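Below you'll find the structure, written out as structure tokens, and then a few comments.
The values are calculated or read from the model by the stated rules, or taken from the named source; none is laboratory data. On a predicted model such as this, the values are computed, not experimentally measured, just so you know. Using ideal geometry, Cβ is built from the backbone for each residue, glycine included, and neighbour counts are taken over all protein chains shown. All accessible areas refer to the heavy atoms of the entire protein, side chains included, with ligands and DNA or RNA removed. Shrake-Rupley method; radii C 1.70, N 1.55, O 1.52, S 1.80 Å.
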Amino acid sequence: MTPREPLRPVGYDDAADRVRLLDQRKLPAVETWLELETAEQVADAIRTLAVRGAPAIGVAAAYGVAVEARRGASPERLREASRLIASARPTAVNLAWAVARMSRRLEAGPAALLAEAHAIRDEDEASCRRMGALGAPLLPRGARVLTHCNAGALATAGYGTALGLVRAAVEAGNPVTVFADETRPFFQGARLTAWELQRDGIPVTVLTDGMAGWLMQRGEISCVVVGSDRIAANGDVCNKIGTYALAVLARHHGLPFYVAAPWSTVDLATARGADIPIEERGADEVVRINGALIAPEGVPARYPAFDVTPAALVTAIVTERGVADGDLAAALRRLAGA
Ligand SMILES: CSC[C@H]1O[C@H](OP(=O)(O)O)[C@H](O)[C@@H]1O
């Protein structure tokens with residue numbers, strides 16, 4: 001089977017000076033690309049989950065600043081554009097990290113800003129591939145890996161974080177398979193993880209979000225591998241809502257619980273998970289599917305988009321700088337100095 005073109009959801013059209021985003025709201029039904037020219041358009045794409053996933057959001061943000069510069073924005077406009085993009089979503093630290101990195105170069109001119117955005121993109125995919133190489137040996141031969149949400153190529157510049165470990169294991173000849181939690185209410189697992197793994201020929205089975213415990217009880221899950229949106233200095237891991245429940249179940253059933261995230265997701269300035277801002281999204285995203293109500297009109301709903309898994313429930317954190325395990329706070333401090 002001819003290998004498919006690697007999946008890279010964020011790009012830049014140098015000739016037209018446009019940011020290109022694979023519209024993840026439309027997958028798996030159709031592959032359509034957004035062609036964006038302003039910070040407002042990029043911020044809206046991040047806010048509405050056209051692009052999502054901590055690293056991918058950071059790459060999109062970087063190109064959102066770069067495209068403004070390439071289209072002649074004044075220094076004041078660039079600062080305003082940066083603030084606007086950074087405010088699009090509160091939880092994934094990669095967004096603020098990428099905007100801050102671009103802001104340090106605002107005076108360097110359009111060409112330098114575009115080069116910085118390209119570097120952020122290239123570094124992220126390289127980090128994902130490095131994490132894959134470091135993390136794949138953690139997966140037993142023929143492992144049945146449970147994932148939550150989408151921490152694949154679609155959530156990054158390419159290759160993926162959690163799914164990067166899966167890809168690297170398969171490339172090394174380990175026939176791992178994946179159980180993908182559908183991950184309500186945006187269905188990142190059913191729509192995105194299943195799509196990208198099927199595209200790569202990696203066996204994937206979709207689960208509803210409540211099935212993991214039963215499969216663990218029956219010995220059908222080998223380990224859990226997830227991504228992250230922000231990792232606090234003490235090793236607490238913020239990730240898609242439902243992750244914490246999986247960590248508790250994994251601990252109860254004696255299964256490894258791995259987190260894969262680039263160093264740009266580690267936030268040593270945030271001491272512990274309780275300090276991480278958790279995005280609350282609209283109730284309509286819970287009670288409507290494709291616009292159709294699935295609950296009685298007027299019944300309230302909650303949508304905290306993330307939760308926090310205490311470091312004590314995390315077996316190891318795989319970063320491109322190395323694998324943190326044991327005392328995660330101490331291990332992260334060591335990797336910070338790496
Ligand atoms: C590789 S980070 C992916 C991370 O981002 C997802 O959230 P969202 O789809 O709302 O951006 C989820 O938490 C994934 O684990």
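Here are a few things to note about the model shown:
- Selection count where residues are more than 13 Å from the ligand (Cβ to nearest atom) and in a loop (DSSP other than H, G, I, E, B), scope segment 260-281: 6
- Screening segment 160-173 for residues that are open to solvent by 20 Å² or more (accessible area, probe 1.4 Å) and not hydrophobic (A, V, I, L, M, F, W, C) and picking the one that is farthest from Glu125 (Cα to Cα) gives Gly173.
- Restricted to segment 320-338, and to residues there that are out of contact with any Leu (no Cβ under 9 Å at 6 or more places or on another chain), modelled with pLDDT of 95 or more and part of a loop (DSSP other than H, G, I, E, B), the residue that is least open to solvent (accessible area, probe 1.4 Å) is Gly326.
- Test result for Arg47, within 14 Å of the ligand (Cβ to nearest atom), over 21 Å from Ala15 (Cβ atoms) and either crowded, with 24+ Cβ neighbours inside 10 Å or not β-branched (Val, Ile, Thr) (or both): yes
- Of residues in segment 117-142 being assigned to a helix (DSSP H, G or I) and among the small types (Gly, Ala, Ser), the one nearest to Pro6 (Cα to Cα): Ala126
- In segment 226-242, residue nearest to the ligand (Cβ to nearest atom) [restricted to those that are of a type in the set (Val, Ile, Thr) and open to solvent by less than 40 Å² (accessible area, probe 1.4 Å)]: Val226
- Summed over segment 200-225, the residues that are more than 20 Å from Val318 (Cβ to Cβ), assigned to a helix (DSSP H, G or I) and open to solvent by 40 Å² or more (accessible area, probe 1.4 Å) give a count of 2.
- Tally, over segment 309-319, of residues that are open to solvent by 40 Å² or more (accessible area, probe 1.4 Å) and within 13 Å of the ligand (Cβ to nearest atom): 0
- Residue count for segment 174-199, restricted to those that are assigned to a loop (DSSP other than H, G, I, E, B) and either within 13 Å of Leu27 (Cβ to Cβ) or open to solvent by 10 Å² or more (accessible area, probe 1.4 Å) (or both): 7
- Exclusive hit being more than 26 Å from Arg25 (Cβ to Cβ), of a type in the set (A, V, I, L, M, F, W, C) and in contact with a Ser or Thr (Cβ under 9 Å, 6 or more places away or on another chain), set Leu255, Leu268: Leu255
- Any hit, segment 206-220, residues being in contact with an Asp or Glu (Cβ under 7 Å, 6 or more places away or on another chain), closer than 30 Å to Trp97 by Cα and not polar (S, T, N, Q): no
- Flag for Leu134 being surrounded by fewer than 22 Cβ atoms within 10 Å (Cβ to Cβ) and either in contact with a strand residue (DSSP E or B) (Cβ under 6 Å, 6 or more places away or on another chain) or under 19 Å from Gly11 (Cα atoms) (or both): yes
- Of note, Arg25 does not satisfy the criterion of being of a type in the set (D, E, K, R) and either within 17 Å of Ala98 (Cβ to Cβ) or in contact (Cβ under 8 Å) with a residue 60 or more places away in the chain (or both).
- Number of the exception - Met216 against (1) in contact with a His (Cβ under 8 Å, 6 or more places away or on another chain); (2) under 23 Å from Arg167 (Cβ atoms); (3) away from the ligand (no atom under 15 Å from the Cβ): (2)
- Failed condition for Pro90, given (1) surrounded by fewer than 22 Cβ atoms within 10 Å (Cβ to Cβ); (2) under 19 Å from Val10 (Cα atoms); (3) within 16 Å of the ligand (Cβ to nearest atom); (4) not β-branched (Val, Ile, Thr): (2)
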